[in-house]
Amino acid sequence: MATATEQWVLVEMVQALYEAPAYHLILEGILILWIIRLLFSKTYKLQERSDLTVKEKEELIEEWQPEPLVPPVPKDHPALNYNIVSGPPSHKIVVNGKECINFASFNFLGLLDNPRVKVIVEPLFLLRPVGPRDVHLDLEDRLAKFMKTEEAIIYSYGFATIASAIPAYSKRGDIVFVDRAACFAIQKGLQASRSDIKLFKHNDMADLERLLKEQEIEDQKNPRKARVTRRFIVVEGLYMNTGTICPLPELVKLKYKYKARIFLEESLSFGVLGEHGRGVTEHYGINIDDIDLISANMENALASIGGFCCGRSFVIDHQRLSGQGYCFSASLPPLLAAAAIEALNIMEENPGIFAVLKEKCRQIHKALQGISGLKVVGESFSPAFHLQLEESTGSREQDVRLLQEIVDQCMNKNIALTQARYLEKEEKCLPPPSIRVVVTVEQTEEELERAASTIKEVAQVVLL
């Protein structure tokens with residue numbers, strides 16, 4: 001029986017060969033020959049050995065030059081010519097052994113060296129940043145109450161706050177309308193979201209509305225897709241790269257008109273603008289519920305590190321599982337969370353501090369007007385603004401050298417300034433070179449006048 005079955009199978013195979021098309025048989029034949037070749041061919045070839053004498057080996061070793069591990073760096077590269085700061089970057093700062101008035105650190109309210117903050121953090125110095133502790137939850141609760149929102153969430157790294165918040169909500173296929181002057185953290189968040197990005201001119205609401213209208217027309221062509229596509233408007237309260245304020249009332253009108261969501265980055269404006277330091281919403285008198293998400297870092301006004309987002313509970317809770325910077329990092333060090341709480345206490349107990357800061361900003365802003373060759377860029381009430389060349393030399397490198405010469409000579413005269421630094425190859429819209437001037441409440445009127453006169457004097461010498 002078995003023999004008959006085998007004969008029947010053999011007959012079927014022969015019949016199949018006769019009925020198969022010729023190209024099929026040729027292809028199978030080639031594959032069989034290729035397999036046979038692979039089975040019997042050597043996997044490697046023995047190289048012919050050539051013995052070298054000791055002298056020839058030494059000559060080859062002497063001729064060999066190793067390739068550099070990194071490309072050659074010029075001697076004037078900033079990385080090789082850095083300043084050494086000793087001690088805390090508070091009101092007075094020691095740079096290269098010389099005490100200077102600090103106009104370079106984002107310590108707007110002067111809380112970095114505050115005695116009350118130091119007393120609070122000392123008992124927590126040895127606690128490790130593992131997971132959320134009571135102090136972290138207390139800080140989130142205090143931030144939510146201070147900002148008058150339902151809930152807040154804190155991050156351990158300020159840059160990662162908005163960079164994590166954006167991709168937590170905006171995904172592939174969604175549309176984000178963003179200002180061209182947006183800071184680098186926002187740009188990284190947009191990149192991580194993989195959304196469709198539409199840039200509008202800096203603070204140009206007409207250009208933004210044009211883009212919104214164009215998108216509205218596109219949505220009418222495909223209403224099914226439009227129903228599942230989310231639209232976001234991402235702006236800064238005070239722009240890091242320009243020192244200008246966003247026109248929030250117009251943005252809110254456009255939000256409701258075109259059914260978009262607003263994300264507001266307030267790292268510069270939190271603890272600065274408004275009667276109580278609550279930022280741009282308080283400055284304009286806008287209901288904070290009109291803003292879908294507010295984010296800010298705690299490194300500028302709160303004498304701490306990290307950042308926070310605040311808003312409605314269902315918006316914030318989503319970040320606890322979707323915010324990459326929250327899920328995949330250790331929590332904020334407990335002593336710095338306690339420092340931020342104490343900073344909030346000081347802000348609430350001394351609301352007049354914000355008016356003092358605003359007045360000092362106006363004073364130096366006015367004193368720096370009319371510098372030959374330099375222009376002031378930024379609002380008169382912004383504690384961080386820029387000095388740019390009135391006319392570029394035509395070379396960015398040359399512009400940077402001129403501004404750095406001004407910074408260095410001001411440093412020699414005990415005024416600490418710094419240039420605004422950018423990752424030139426990474427920036428979406430690279431800002432022009434500039435000197436960033438930072439104002440704090442600790443600087444006296446005499447120091448502000450001295451700084452302004454020093455900058456004017458140095459600029460006149462360097463730019464003539």
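The values are calculated or read from the model by the stated rules, or taken from the named source; none is laboratory data. If you're wondering where the values come from, they're calculated on a predicted model, not measured in any experiment. Here the Cβ positions follow ideal geometry from the backbone for every residue, glycine too, while neighbour counts run over all protein chains shown. SASA here: full protein model, heavy atoms, side chains in, ligands and nucleic acids out. Shrake-Rupley method; radii C 1.70, N 1.55, O 1.52, S 1.80 Å.
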Those residues of region 237-251 which are assigned to a strand (DSSP E or B) and either open to solvent by less than 10 Å² (accessible area, probe 1.4 Å) or over 14 Å from L264 (Cβ atoms) (or both), in sequence order: L238
Verdict on R230 being touching a residue at least 40 places away in the same chain (Cβ under 8 Å), open to solvent by 40 Å² or more (accessible area, probe 1.4 Å) and assigned by the TED database to the domain that holds S269: yes
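Yes/no matrix, rows are residues, columns are (1) more than 19 Å from K98 (Cα to Cα); (2) among the β-branched types (V, I, T):
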{"site": "L402", "(1), (2)": "yes, no"}
{"site": "V407", "(1), (2)": "no, yes"}
{"site": "C410", "(1), (2)": "no, no"}
{"site": "A416", "(1), (2)": "no, no"}
{"site": "R421", "(1), (2)": "yes, no"}
{"site": "E424", "(1), (2)": "yes, no"}
{"site": "E427", "(1), (2)": "yes, no"}
{"site": "R436", "(1), (2)": "yes, no"}
{"site": "T440", "(1), (2)": "yes, yes"}
Subset tally (residues that are under 20 Å from the mean Cα position of the chain (by Cα) and either open to solvent by 10 Å² or more (accessible area, probe 1.4 Å) or acidic (D, E) (or both)) for region 132-157: 3
Where V438 falls short, out of the listed (1) among the aliphatic types (A, V, I, L, M); (2) at pLDDT 90 or above; (3) over 19 Å from V377 (Cα atoms): (3)
Residue match in region 96-116 (condition: out of contact with any helix residue (DSSP H, G or I) (no Cβ under 7 Å at 6 or more places or on another chain), among the polar types (S, T, N, Q) and open to solvent by 70 Å² or more (accessible area, probe 1.4 Å)): yes
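Can you confirm whether R224 is open to solvent by 50 Å² or more (accessible area, probe 1.4 Å) and touching an Asp or Glu at 6+ places or on another chain (Cβ under 7 Å)?
Numbers: open to solvent by 50 Å² or more (accessible area, probe 1.4 Å): yes; touching an Asp or Glu at 6+ places or on another chain (Cβ under 7 Å): no.
When the stated conditions are applied, R224 does not pass them.
Per-residue answers, yes or no, for (1) modelled with pLDDT of 70 or more; (2) aliphatic (A, V, I, L, M):
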| site | (1), (2) |
| --- | --- |
| A2 | no, yes |
| L10 | no, yes |
| L25 | yes, yes |
| L39 | yes, yes |
| E48 | no, no |
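Could you tell me whether L69 is in contact with a Leu (Cβ under 8 Å, 6 or more places away or on another chain), assigned to a loop (DSSP other than H, G, I, E, B) and not assigned by the TED database to the domain that holds P383? Write out each step before concluding.
On the way: in contact with a Leu (Cβ under 8 Å, 6 or more places away or on another chain): no; assigned to a loop (DSSP other than H, G, I, E, B): yes; not assigned by the TED database to the domain that holds P383: yes.
It is false that L69 is in contact with a Leu (Cβ under 8 Å, 6 or more places away or on another chain), assigned to a loop (DSSP other than H, G, I, E, B) and not assigned by the TED database to the domain that holds P383.
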Of the criteria (1) of a type in the set (A, V, I, L, M); (2) assigned by the TED database to the domain that holds S453; (3) in contact with a His (Cβ under 9 Å, 6 or more places away or on another chain), which one L357 fails: (3)
Hits in region 432-448 (condition: open to solvent by less than 60 Å² (accessible area, probe 1.4 Å) and under 16 Å from Q404 (Cβ atoms)): P433, S434, I435, R436, V437
K259 vs. criteria more than 22 Å from the chain's Cα centre (by Cα) and on the phi > 0 side of the Ramachandran plot: yes
Tally of residues being in contact (Cβ under 8 Å) with a residue 12 or more places away in the chain and within 15 Å of Y82 (Cα to Cα) across region 413-431: 5
Qualifying strands (runs of 3 or more DSSP E) (wholly inside region 106-213; at least 2 residues being under 30 Å from G352 (Cβ atoms)): 151-155
